Amino acid sequence: MSTNVYAFEISKPFSESQKELFLHQIPLDRQERVRSYVREEDAIRSLCGSLLIKYILWKELQITKFNLNYNKYGKPSIAEFPNFHYNLSHSHNWIVCATNNKEVGIDIEKIKEIDLGIAERFFTSAEFDDIKKMPTLNDKLTRFYEFWTMKEAFIKNLGKGLSVPLNSFCIRQENNLYVTNDKSSKLYYFKQPLIDTGYKLAVCTQQEILDINIKYIDIKDFNILL
């Protein structure tokens, strides 16, 4: 299986009738989670994430009903298809999901001004030095988010959540590829496709990513689930 990245942009709000119609297409526990959000934008983002996963499972596995297993850190997998792996991420108006036949992690972040001291506190010294070498503040911010998304994607690939400190591993370049190692010295690879100039996105897998298929999804694609 190739590495696929599905990208959905929440470009306009759902009508109440659309929201209710789509709500009934996702599992009951997810419906309850969507309804629990106080802010409407959080509810819509959660709903769209669930719809995107269901659409992907229909598209790639031809299933509409499935059961989820969770590891002890809460990372989900499809019970009926243990060799199918997916990972979801969202930031502001973008929701992205990566699929692969091996464990996969994905992270997307909107580029915005931050205190670069965060990198000094949470990144390795080599990564922070790399950021400091950038000529302008914009370049430094871009570099920061490149590292941040790769590090988050790696942690999400491992499926161990916050138990893996960001400075416990170092991302480096080898033969024009970004790589890192886990505690057992297993090698992981990164790819950073562009979906929006205002965002950074990274995908992490246990095999070299030769190509990524980016598939942009529109709300009309969800109609097939109805």
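Structural remarks
- Members of region 1-31 found to be surrounded by 16 or more Cβ atoms within 10 Å (Cβ to Cβ), hydrophobic (A, V, I, L, M, F, W, C) and farther than 30 Å from Glu208 by Cα, listed by number: Ile10, Phe14, Phe22, Leu23, Ile26
- Phe66 being more than 17 Å from Thr3 (Cβ to Cβ), more than 20 Å from the chain's Cα centre (by Cα) and among the aromatic types (Phe, Trp, Tyr): yes
- In region 3-26, the residues that are under 21 Å from the mean Cα position of the chain (by Cα) and of a type outside the set (Gly, Ala, Ser): Thr3, Asn4, Val5, Tyr6, Phe8, Glu9, Ile10, Ile26
- Contacts under 8 angstrom Cβ, first residue in region 62-81 being closer than 14 Å to Asn157 by Cβ and open to solvent by less than 80 Å² (accessible area, probe 1.4 Å), partner part of a loop (DSSP other than H, G, I, E, B) and among the hydrophobic types (A, V, I, L, M, F, W, C), 6 or more apart: Ser77/Phe84
- Test: Gly159 is at pLDDT 90 or above, over 15 Å from the mean Cα position of the chain (by Cα) and of a type outside the set (Val, Ile, Thr): no
Conditions (1) open to solvent by less than 20 Å² (accessible area, probe 1.4 Å); (2) of a type outside the set (Val, Ile, Thr); (3) touching a Gly at 6+ places or on another chain (Cβ under 8 Å); (4) more than 26 Å from Asn93 (Cβ to Cβ), marked per residue:
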{"site": "Lys112", "(1), (2), (3), (4)": "no, yes, no, no"}
{"site": "Thr149", "(1), (2), (3), (4)": "yes, no, no, no"}
{"site": "Leu162", "(1), (2), (3), (4)": "no, yes, no, no"}
{"site": "Leu166", "(1), (2), (3), (4)": "no, yes, no, no"}
{"site": "Asn181", "(1), (2), (3), (4)": "no, yes, no, yes"}
{"site": "Gln206", "(1), (2), (3), (4)": "no, yes, no, yes"}
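- Residue within region 13-29 that is of a type in the set (Gly, Ala, Ser) and modelled with pLDDT under 90 present: yes
- Residue match in region 86-104 (condition: open to solvent by 20 Å² or more (accessible area, probe 1.4 Å), without any contact (Cβ under 8 Å) to a residue 60 or more places away in the chain and touching an Asp or Glu at 6+ places or on another chain (Cβ under 7 Å)): no
- Condition broken by Asn175, with the remaining ones in (1) open to solvent by 30 Å² or more (accessible area, probe 1.4 Å); (2) within 25 Å of Lys72 (Cα to Cα) satisfied: (2)
- Number of the condition not met by Thr197 [criteria: (1) under 24 Å from Ser77 (Cα atoms); (2) surrounded by fewer than 12 Cβ atoms within 10 Å (Cβ to Cβ); (3) within 22 Å of the chain's Cα centre (by Cα); (4) polar (S, T, N, Q)]: (1)
- Taken over region 32-59, the criterion of being more than 18 Å from the chain's Cα centre (by Cα), surrounded by fewer than 18 Cβ atoms within 10 Å (Cβ to Cβ) and in a helix (DSSP H, G or I) is satisfied by Glu32, Arg33, Arg35, Ser36, Glu40, Glu41, Trp58, Lys59.
- For Leu137: the one exception among (1) within 30 Å of Ile78 (Cα to Cα); (2) aliphatic (A, V, I, L, M); (3) open to solvent by 50 Å² or more (accessible area, probe 1.4 Å): (1)
The values are calculated or read from the model by the stated rules, or taken from the named source; none is laboratory data. These numbers were taken from a predicted model, which means no experiment stands behind them. Don't worry about glycine lacking a Cβ; one is built from the backbone with ideal geometry, like all the others, and counts go over all protein chains shown. In case anyone asks, the SASA skips ligands and DNA or RNA and just uses the protein heavy atoms, side chains included. Shrake-Rupley method; radii C 1.70, N 1.55, O 1.52, S 1.80 Å.
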